[in-house]
Amino acid sequence: MKQLIKRSLAILLTLALMIGTIPYNASAANADNDYVLTSISHADTIAKVNVSGKFNATLTVPYDYAKVIDLSNGLDISYDKSTYYSAVASFPDGAEATVGGDAISMLVTYQYTETGDPFTSTYTINVQRTEPIDPKFSGTITKTTVLPSKITFSATDFTAKYKQNDGQPLGSITISGSNPSFGSLQLDGSDYVLEDQISYAKLSAGKLTFTTTASGTCDYRVDAYGENDTSNIIGTAVLRITVNQEVINAANITYTTSVDTAIKFRATDFSSVCTAATGDTLSYVNYTPPSSTYGKLYYNYISSTSPGTLVQTSTKYNVSANPSLSDITFVPYGYSGTFTISYVGQTIGGKEFNGKVQIIVNANTAATINYTTAKDDVITFDSYDFNRVCNDKTGGNLSYVKFTPPSSTYGILYYDYISSSNYDSKVSSTAKYYRNSSPYLDDVTFVPKSGYSGTVTITYIGYSTAAESYTGTIKITVVSDSSTTVISYSTAKDEAITFDSYDFNRVCNDKTGDNLSYVKFTPPSSTYGVLYYDYISPSRYDSKVASTAKYYRGSSPYLDDVTFVPKSGYSGTITITYTGYSTAAESYTGKIKITVSSTSSTTVISYTTARDEAITFDSYDFNRVCNDKTGDNLSYVKFTLPSSTYGILYYDYISSSRYDSKVASTTKYYRSSSPDLDDVTFVPK
């Protein structure tokens with residue numbers, strides 16, 4: 001019996017152990033109708049709805065939402081992804097839910113594992129509106145325009161500040177306050193009566209406008225009313241209207257100068273661009289001074305030692321009062337290139353405009369004086385060359401210069417040099433050499449070191465008669481042959497060139513050791529041009545040069561009055577031979593090489609302007625030509641008037657209806673007195 005019981009217990013224990021080794025099947029515990037989802041939301045609803053542990057949800061939409069919502073588009077469901085592999089919502093009976101209506105069924109199909117069986121749960125979804133909120137109207141309605149213009153309001157200008165949460169649209173508005181001095185409100189084309197009702201329909205039709213007359217800013221009060229309700233104010237907003245001046249940009253004014261050379265502005269230039277841009281007369285301008293990198297803008301500038309005062313941004317520079325616009329000068333200290341100076345102009349009628357002055361500063365090569373001499377041959381300076389540079393740099397004539405003597409490796413500067421053993425003194429860096437008094441600049445001589453050939457540069461400081469200084473250079477080329485016995489001149493096509501007895505005397509001194517007495521020419525072929533004595537114009541001259549006539553350095557007929565006139569249209573190089581006779585009656589044969597270029601000469605003054613844009617002349621340009629042609633400053637000019645096909649010359653021109661007179665061919669226009677050459681203007685047709 002005991003044996004039987006032991007055997008039975010053993011069998012039971014074995015069965016228990018076998019059962020414990022059978023694997024557990026999890027799917028056997030899975031089933032439908034799990035609380036799968038944790039939340040439900042929709043793109044159009046206000047917030048997510050927590051559905052943990054339940055099968056129903058109520059979604060909320062804004063009060064003014066449409067009547068039906070499609071839950072199949074924009075639905076978002078959440079579930080525990082550590083428990084469920086997937087969960088998908090569908091709507092077997094339709095996805096459209098009526099807001100505030102019956103619930104709809106949503107079937108959620110889910111899996112525990114990727115390969116597991118699918119199960120389902122059914123959820124009930126209701127959709128409701130949020131509680132109504134009273135409409136609101138607030139904020140600032142901003143409208144900005146530029147003169148001259150009219151503002152037309154739209155309904156959206158006002159509905160943008162209106163929140164109709166209760167579903168009631170904007171019905172009307174009223175505007176209160178006061179009309180400003182620079183404009184007024186109109187409704188239906190007539191002045192708007194402040195506080196009158198303006199319907200939404202009229203706003204939509206663009207019947208509310210604001211007409212501008214000037215610039216300024218003003219605020220109105222705007223009260224809003226609901227549809228079919230003109231008694232209860234929903235809210236209040238501010239209507240802010242800003243009217244700005246029209247942005248007017250005038251044409252650029254352009255001036256050209258050279259390094260370290262002052263340029264004076266002309267009030268007539270500013271008046272011209274003002275009238276063209278605004279149709280009004282200029283009153284004053286305010287400048288924005290340029291960076292000192294380019295130079296400085298001065299008021300009442302006379303010279304570098306008397307510059308006046310710097311132009312200030314806050315100062316008005318006037319056309320008809322002081323400080324005067326005509327007394328503005330720009331000085332480019334060491335700068336070359338192109339830049340602009342900005343300014344703001346104001347007309348007498350109150351119009352404002354923006355303008356720019358473009359300044360072109362050319363690198364000034366004219367400051368270098370070039371001389372050429374032969375090896376072991378001296379070269380004496382000519383004060384005329386220095387005066388021409390001084391006039392170009394300062395606008396005035398030269399008083400004196402001070403040299404920085406070169407290294408003796410190249411040669412020595414002497415004063416009143418006759419020979420290596422006969423001279424007054426070596427040039428000193430502290431000594432002043434004058435154009436018109438002793439010690440004379442014309443008596444300064446460079447003597448190359450024996451056997452030297454090459455180029456040497458000598459610097460100097462020039463001082464004008466107005467005490468304005470500048471730095472210049474002299475470049476002396478010492479050639480190894482005797483080519484300096486050829487006198488070279490250059491001129492432009494159709495431009496006469498008058499000989500300088502100084503050039504002939506230098507050659508004579510080199511050839512004979514004595515000064516020149518006179519020369520006799522072999523006149524050139526008329527194919528190239530003609531030599532004249534005392535030439536003024538093609539119809540005014542003393543005589544043509546004859547091969548038998550003697551032309552003297554120190555008496556009449558003077559060599560300094562012999563002029564070569566190229567044949568009309570000719571350009572090229574011509575050589576004229578002559579025989580020179582020294583004061584010791586020694587003769588030699590020399591040559592004059594004249595190069596006639598095809599370009600215009602310095603007698604041509606060039607201006608550039610835009611179509612329909614007036615250009616005013618600058619007496620400085622005319623004076624520079626006069627100084628170059630005659631050696632003296634300009635007194636006055638008389639014009640040969642252009643054909644009216646091209647345009648008209650006016651005096652004191654402001655506009656086509658405002659000017660003093662048309663320029664007359666018999667009238668003299670002066671550099672320094674009235675009628676002023678600076679007030680002559682050309683107006684293109």
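Scanning region 329-355 for residues that are farther than 21 Å from ASN244 by Cα and either surrounded by 15 or more Cβ atoms within 10 Å (Cβ to Cβ) or among the aliphatic types (A, V, I, L, M) (or both) yields THR329, PHE330, VAL331, PRO332, TYR335, SER336, PHE339, THR340, ILE341.
For region 525-532, the criterion of being under 30 Å from VAL378 (Cα atoms) and modelled with pLDDT of 90 or more is met by at least one residue. Where strands (runs of 3 or more DSSP E) sit wholly within region 185-237, those with at least 2 residues that are polar (S, T, N, Q) occupy 197-199, 208-212.
Residues that are touching a residue at least 40 places away in the same chain (Cβ under 8 Å) and crowded, with 19+ Cβ neighbours inside 10 Å within region 419-444 comprise ARG435, LEU441, VAL444, listed in sequence order.
Within the option set ALA214, ALA250, being surrounded by 15 or more Cβ atoms within 10 Å (Cβ to Cβ) and closer than 30 Å to GLU613 by Cα holds for one residue only, ALA250. In region 306-323, of all residues being of a type in the set (Gly, Ala, Ser) and out of contact with any Phe, Trp or Tyr (no Cβ under 7 Å at 6 or more places or on another chain), the one that is nearest to PRO290 (Cα to Cα) corresponds to SER314. When you check SER429 against the structure, is it in contact with a Lys or Arg (Cβ under 7 Å, 6 or more places away or on another chain), outside any strand (DSSP E or B) and in the same structural domain as ASP376 (by TED's automatic domain parsing), yes or no? Yes. Within the set ASN422, ASN354, ASN391, the sole residue that is of a type outside the set (D, E, K, R) and closer than 27 Å to ASN627 by Cα turns out to be ASN391. When the strands (runs of 3 or more DSSP E) confined to region 461-556 are screened for residues that are over 30 Å from VAL604 (Cα atoms), those reaching at least 1 such residues are found at 469-479, 516-521.
Only one entry in ASP34, ASP64 is assigned by TED's automatic domain parsing to the domain that holds SER86, modelled with pLDDT under 80, more than 20 Å from ILE104 (Cβ to Cβ) and surrounded by 10 or more Cβ atoms within 10 Å (Cβ to Cβ), namely ASP64.
Contact map, region 623-645: residues that are outside the structural domain of PRO675 (by TED's automatic domain parsing) paired with residues that are assigned to a loop (DSSP other than H, G, I, E, B), Cβ distance under 6 Å, separation 6+ or inter-chain. No pairs are found. Do you know which of the residues in region 620-651 that are among the hydroxyl-bearing types (Ser, Thr, Tyr) and in a strand (DSSP E or B) is farthest from TYR255 (Cα to Cα)? Among residues in region 620-651 that are among the hydroxyl-bearing types (Ser, Thr, Tyr) and in a strand (DSSP E or B), the one farthest from TYR255 (Cα to Cα) is TYR636.
For region 147-184, enumerate the residues that are aromatic (Phe, Trp, Tyr) and in a loop (DSSP other than H, G, I, E, B). Don't jump to the end; show me each part of the working.
Of the residues in region 147-184, the ones aromatic (Phe, Trp, Tyr) are 153, 158, 162, 182.
Scanning region 147-184 gives PHE153, PHE182.
Selection over region 288-328 of residues that are exposed (fewer than 15 other Cβ atoms within 10 Å of the Cβ), of a type in the set (Gly, Ala, Ser) and within 22 Å of the chain's Cα centre (by Cα) gives a count of 3.
In summary, GLY139 fulfils each of the numbered conditions (1) at pLDDT 90 or above; (2) in contact with a Leu (Cβ under 6 Å, 6 or more places away or on another chain) with the single exception of condition (2).
Can you find, within region 492-524, the residue that is modelled with the highest pLDDT among those that are more than 26 Å from LYS567 (Cα to Cα) and aliphatic (A, V, I, L, M)? Can you show your working first?
Let us first name the residues in region 492-524 that are more than 26 Å from LYS567 (Cα to Cα), namely 505-518.
Keeping just the survivors that are aliphatic (A, V, I, L, M) gives 507, 516.
Working: VAL507: 85, LEU516: 91.
Checking each candidate, the answer is LEU516.
A single member of THR230, THR256 is modelled with pLDDT under 90 and within 22 Å of the chain's Cα centre (by Cα), and it is THR256. Candidates are the residues of region 317-373 that are among the hydroxyl-bearing types (Ser, Thr, Tyr) and not in a strand (DSSP E or B); the one that is nearest to ILE253 (Cα to Cα) is SER326. Pairs meeting the criteria (first residue in region 129-147 and assigned by TED's automatic domain parsing to the domain that holds GLY226 and closer than 30 Å to ILE248 by Cα, second residue among the basic types (Lys, Arg) and in a strand (DSSP E or B), beta carbons under 8 Å, at least 6 apart or on different chains) are THR140/ARG240; ILE141/ARG240; THR142/ARG240; LYS143/ARG240. Of the candidates TYR463, TYR415, TYR384, TYR440, the single residue that is at pLDDT below 85 and of a type in the set (Phe, Trp, Tyr) is TYR384. Checking ILE104 against (1) at pLDDT below 95; (2) over 25 Å from LYS202 (Cβ atoms); (3) β-branched (Val, Ile, Thr), which single condition isn't satisfied? Every listed condition holds for ILE104 apart from (1). Restricting the first member to region 305-324 and to residues that are touching a residue at least 12 places away in the same chain (Cβ under 8 Å) and more than 16 Å from VAL344 (Cβ to Cβ), and the second to residues that are among the aromatic types (Phe, Trp, Tyr) and in a loop (DSSP other than H, G, I, E, B), the beta-carbon pairs closer than 7 Å and six or more apart or on different chains are PRO307/TYR301; GLY308/TYR301.
Of all residues in region 448-462, which are buried (at least 21 other Cβ atoms within 10 Å of the Cβ) and either within 28 Å of PRO307 (Cα to Cα) or of a type in the set (A, V, I, L, M, F, W, C) (or both)? If you could, list the steps in order and put the result at the bottom.
Going residue by residue through region 448-462, those that are buried (at least 21 other Cβ atoms within 10 Å of the Cβ) are 448, 458, 460, 462.
Hits for region 448-462 are ILE458, TYR460, GLY462.
When THR281, THR288 are checked against the criterion of being polar (S, T, N, Q), closer than 14 Å to TYR343 by Cβ, in contact (Cβ under 8 Å) with a residue 40 or more places away in the chain and out of contact with any Pro (no Cβ under 9 Å at 6 or more places or on another chain), a single residue qualifies: THR288.
Looking at the structure I just gave you, is ARG611 modelled with pLDDT under 80, basic (Lys, Arg) and surrounded by 12 or more Cβ atoms within 10 Å (Cβ to Cβ)? It would help to see each step written out before you state the result.
On the way: modelled with pLDDT under 80: yes; basic (Lys, Arg): yes; surrounded by 12 or more Cβ atoms within 10 Å (Cβ to Cβ): no.
So ARG611 fails the test.
Picking from residues in region 652-685 that are part of a strand (DSSP E or B) and touching a Gly at 6+ places or on another chain (Cβ under 8 Å), the one that is nearest to PHE265 (Cα to Cα) is PHE682.
From LEU239, LEU187, grab the single residue that is touching an Asp or Glu at 6+ places or on another chain (Cβ under 9 Å), surrounded by 15 or more Cβ atoms within 10 Å (Cβ to Cβ) and touching a residue at least 24 places away in the same chain (Cβ under 8 Å).
On the way: LEU187 fails: touching a residue at least 24 places away in the same chain (Cβ under 8 Å).
Going through LEU239, LEU187 in turn, just one is touching an Asp or Glu at 6+ places or on another chain (Cβ under 9 Å), surrounded by 15 or more Cβ atoms within 10 Å (Cβ to Cβ) and touching a residue at least 24 places away in the same chain (Cβ under 8 Å): LEU239.
Out of region 441-456, which residues are closer than 30 Å to ASN633 by Cβ and part of a strand (DSSP E or B)? Quick ask: steps written out before the conclusion?
Just the residues of region 441-456 that are closer than 30 Å to ASN633 by Cβ, to begin with: 441-446.
Answer for region 441-456, where residues must be closer than 30 Å to ASN633 by Cβ and part of a strand (DSSP E or B): VAL444, THR445, PHE446.
Please indicate, with yes or no, whether at least one residue in region 276-286 is within 18 Å of LYS393 (Cα to Cα), assigned to a strand (DSSP E or B) and out of contact with any Cys (no Cβ under 7 Å at 6 or more places or on another chain).
Restricting attention to region 276-286, the residues satisfying the condition of being within 18 Å of LYS393 (Cα to Cα) are none.
There is no residue in region 276-286 that is within 18 Å of LYS393 (Cα to Cα), assigned to a strand (DSSP E or B) and out of contact with any Cys (no Cβ under 7 Å at 6 or more places or on another chain).
Checked against the criteria, THR144 counts as of a type in the set (Ser, Thr, Tyr) and within 30 Å of ALA224 (Cα to Cα).
Taking the residues in region 557-579 that are among the polar types (S, T, N, Q) and outside any loop (DSSP other than H, G, I, E, B) as candidates, determine which candidate is nearest to ASP500 (Cα to Cα). Write out each step before concluding.
Initial filter on region 557-579 (among the polar types (S, T, N, Q)): 563, 568, 571, 573, 575, 577, 579.
Narrowing the set further to residues that are outside any loop (DSSP other than H, G, I, E, B) leaves 563, 573, 575, 577, 579.
Details: THR563: 10, THR573: 19, THR575: 16, THR577: 15, THR579: 16 Å.
By that ranking, first place goes to THR563.
The values are calculated or read from the model by the stated rules, or taken from the named source; none is laboratory data. Quick caveat, the model's predicted, so the values are computed rather than measured. Positions of Cβ are backbone-derived with ideal geometry, glycine not excepted, and every protein chain shown enters the neighbour counts.
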